[in-house]
Every structure is written in structure tokens, then in C-alpha cells.
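Report on one structure; see the data block that follows.
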Amino acid sequence: MTQIKAEAFVDLQDDAPVSGFIHRAEGADFLVLTHGADGNCKAPLLVALADAFAAAGLTTLRCDLPFRQRRPTGPPSPSDAKRDQDGLCRAVTLMRKKFAGRAFLGGVSYGGRQASMLVAAEPSLVEGLLLLSYPLHPPGRPAQLRTAHLPSLRTPTLMVSGTRDAFGSVDELEVAIKLIPAPVKLVAIEGAGHGLLQKSNRGELPGRVVQEFQSFFHSH
């Protein structure tokens, strides 16, 4: 797939700064997409997905969470969560001022968790949620489930996870999503780990995610 030229998108005039790159498409709908705890908005998975979504007609903003804007490396701390959620909320708000269509929010791992917690608290913020490699529990600690907010999630949700993800097996995720009262679908990527994108699926994964996204949100 040919990479679509992305434009810098920066608005730092607030306590919840937004910084990233926008991949413009013909349609009015848009997706705000963010990264995991160890990455940033330049992660290959995010770039590949943003290109694929834009090619399919969905303008995509891939953005750095506030914690990553403050620190170029290293994981977030628990105290970062609220500000990271505020940053995602503001990104959606800024995009709504530019695009008149449906709004979607998504993220990889930690970014997806923060997106889901934000939308659970503010169900009218977006029309749909995309959770990639949702970190259901820390590796090796299946009892420490990150599910407390799921019963409050009333926004249609598409989840994509690898069958070899140490942060939650497909079976564990299938149990967890029963807590979500909104329409929800789990897409399992065979053989993929927590990073999802790997040499064996690099050519097909972005297109499959877009296809699953279009199919699911067309009917919800």
C-alpha cells in the first residue's frame, strides 16, 4: 500500500495538548487513533492503519498521548491516566470542528484502555470505539483484570487481538466483553502477539482491520 502523505496536527494551547499527524480522506467521518505504553504515534502499526483507513475514506489522526509528549521514552505512570484521557477527548473535540461526520476513537493497548475509560464516562463523545490489543491484565497475572469500567461502556466497540497476546487470551477476552452492554465484536488475529503487526501479516493486517471496522460499524 502506498503511504498517504500525512500532515502535522498540533494544538498545544490547553492543559491537554494534542500532537500528531492527520491522514486526510474524502469522507466526513474520522478516527482518532493513539499508541500503547511503549510507543508513540509514529509506530509502524499506527502508520499502516492510518494509511489504510484514509485510503478507505476515513480521515485518521494518529496522535501522541500527553504523557508521551512530556517524555520521549518510558511508560506512563498511573497519575498520567486522567491527563491522557483529557488529551484524547480534546483531540476528538478538535477533529469535530473540522469534520462533520461520525467520530471514532481507538488505541493500541494502554491507549485503547484510556480511550475505553474515557468513552465509558462520556458515552456521547464518539459513535464507535476501536480497541487494538486491549491489555486485559498484566502478563502472567490473569487475576488483575482491567474490566471495572466495561459495564459502563455503551458505545459500539470493535476489539482486535492476537491469539498469542500475553495481556489476555481470546478466551479471556470473550468472557470480558460479555460485561459490555453495547454491541461488541472481537476479531482474533491468528498467531499475532501483543504488537499485532508482524512480518507474516504486515501486508494483510491493516486491510483486514479496516474491513472488519467497516463491516461492524456499518450495522451499528
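The numbers here are math on the coordinates, done by the rules we state, and not lab data. In this text the structure is predicted, and so the values were computed from the model without any measurement. Counting neighbours? That spans all protein chains shown, and the Cβs are built from the backbone with ideal geometry, glycine included.
Note down the relative contact order for the chain as a percent, whole number, built from C-alpha pairs under 8 angstrom at least six residues apart.
Here the relative contact order equals 16 percent.
Convert each backbone phi in segment 47-64 into a coupling constant with the Karplus relation 6.51 cos²θ - 1.76 cosθ + 1.60 (shift: θ = phi - 60°), then list the ³J(HN,Hα) values in order as whole Hz, x for Gly and Pro.
Per residue, the Karplus-derived 3J(HN,Hα) values read 5, 5, 5, 4, 4, 5, 5, 5, 5, 8, x, 10, 4, 10, 9, 9, 10, 7 Hz.
May I ask you to derive the FRET efficiency for Lys178 and Gln198 from their Cβ-Cβ distance with R0 = 25 Å, giving the value to the nearest 0.05?
Using R0 = 25 Å, I get an efficiency of 0.30.
Nearest-5 percent of antiparallel DSSP beta bridges in the chain?
Antiparallel: roughly 30 percent of the beta bridges in the chain.
Step through the residues of segment 206-214 one at a time and calculate ³J(HN,Hα) from phi using the Karplus curve (6.51 cos²θ - 1.76 cosθ + 1.60, θ = phi - 60°), rounding each to whole Hz and writing x for Gly and Pro.
x, x, 5, 4, 4, 4, 5, 4, 4
Working out 0.36 nm times the residue gap between Ala166 and Ala100, then minus their Cα-Cα distance, what length gain in nm do you get to one decimal?
In short, 19.9 nm is gained.
Going down the list Lys5/Lys82; Lys5/Lys199; Lys5/Lys98; Lys98/Lys185; Lys42/Lys82, which pairs span over 25 Å between their C-alpha atoms?
Going by Cα-Cα distance, Lys5/Lys82; Lys98/Lys185 fall outside the 25 Å limit.
For the chain, with equal point scatterers placed on the C-alpha atoms only and solvent neglected, what are the log10 I(q)/I(0) values from the Debye formula at q = 0.08, 0.09, 0.14, 0.16 1/Å, to two decimals?
Debye output, listed in q order: -0.24, -0.30, -0.79, -1.07.
Within the chain, what is the longest stretch that has no trypsin sites (Lys or Arg not before Pro) placed in a DSSP loop and near at most 13 other beta-carbon atoms within 10 Å?
The answer is 99-198.
Under 10 Å, Cα contacts only: if you run a Gaussian network model on the chain, which one of Gln114, Gln69, Gln85 comes out with the highest mean-square fluctuation?
Gln69
With Kirkwood's inverse mean 1/r over C-alpha pairs for Rh, give me the Rg to Rh ratio of segment 1-70, two decimals please.
My calculation puts Rg/Rh at 0.97.
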